[in-house]
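No lab work stands behind these numbers, since they all come straight from the coordinates. Please read all numbers here as calculations on a predicted model, not as lab measurements. Don't worry about glycine lacking a Cβ; one is built from the backbone with ideal geometry, like all the others, and counts go over all protein chains shown.
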Amino acid sequence: MKARCFPLPLLAHVVCLCRGYTLRSSVSWVVSSNDVVEDADLSEEVAPALLVDGAGLWKQAYPASSVLADSAESPGELGKPEDDDLGRLSSRLFSYRLDKVQASAGGSPPPHQDTARTARYIAHYSDWGHLSTISTQDKIKGLPFGNIFSVSDGPLDNSTGVIYFYVTPMDNTVTDLKSNPYASLTFSEAEGEFCRQMVYDPEDPRCARLTLTGKMVEVAPEELAFAKEAMFSRHPVMAKWPVGHKWFFMKLDLIQVWLQDWIGGTSLIPLEDYFKATPF
């Protein structure tokens, strides 16, 4: 009996088809710099968030809009790192589109010695922060509870240093604030591009951290127009959020400004100096 042979032309055809596919998971996928990605499903809905490489160094991610353009350029050609050796350490990873991210819109941070201005810079150019309250939830009652909030201290061209929020009574944090209105809001310079460009880990003291502590209060009627402009100019999608959630504006009345922006310790910035400084 003759042994069956797999037709070579058919085998070659199968191999060619396989080369056109990329293994992926729901989290991320890898595309080498030599692959053509025109046929890849790289819509913004399925693109992963920014990732880090195995060595812990942050790398530049490529917006999905660049991949979807009518071009046969490879990811390496779209954003080639200055250091080719460094760029080869990691695969090309794609991210959500970052076109509208406003952090670091003010250019380079102030000198680290200028602590008040650094604090105002971070507070103004951060679009979100981590708010910590004392929990009223049954299982963690009396314990710290952290939550992420979109924030604004004013439109991009008008910094006040006062942090505004747009919140709903349906949020656990708002429930906490009704019981204890005091909270701490923490920002990280890692939100912007500076720490990425300098290859600073978020916990590196040179990647500045700012914690504002104070009392959360509802915005007074005479201040509502500015609060609305501050929040909606920076977060326009908020204007379309469902009215049934009974959204309202709050702000943080400051008690303390805590900053770490360099090696060698932290700074407690007097409120007068904080409000006198400018981020611009």
Exercise. Please give the length that would be gained between residue 143 and residue 255 if that part of the chain were fully extended, namely 0.36 nm times their separation in residues minus their C-alpha to C-alpha distance (nm, one decimal).
Key: 38.2 nm
Quiz prompt | Computed label-point distance, nm, for sites residue 263 and residue 239 using a 7 Å Cα→Cβ extension | solution = 4.8 nm
Self-check item: Difference of contour (0.36 nm per residue) and Cα-Cα distance, residue 222 to residue 246
Solution: 6.7 nm
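In a shell of Cβ-Cβ distance under 9 Å around residue 209, excluding residue 209 itself, what net charge do Lys and Arg (+1) and Asp and Glu (-1) give? Could the numbers behind the result be given before it?
Working: positive: none; negative: 189, 203, 261.
That sum, taken over residues with Cβ under 9 Å, equals -3.
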Quiz item: In nanometres, what is the gap between the two model label sites at residue 201 and residue 275, each 7 Å from Cα along Cα-to-Cβ?
Solution: 3.9 nm
Quiz prompt | Among the listed pairs 141/178; 228/251; 139/215, those beyond 19 Å (Cα-Cα) | solution = 139/215
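Ranked by Cβ crowding within 10 angstrom, fewest neighbours first, how are 280, 275 ordered? Working shown, then result.
Values: 280 13, 275 16.
Exposure proxy ranking, most exposed first: 280, 275.
Using a cut-off of 10 Å between beta-carbons, work out the net charge of the residues near residue 181 (Lys and Arg +1, Asp and Glu -1, residue 181 not included). Before the final figure, lay out the partial values.
Details: positive: 178, 215; negative: 176, 218, 253.
Every neighbour counted, the sum reads -1.
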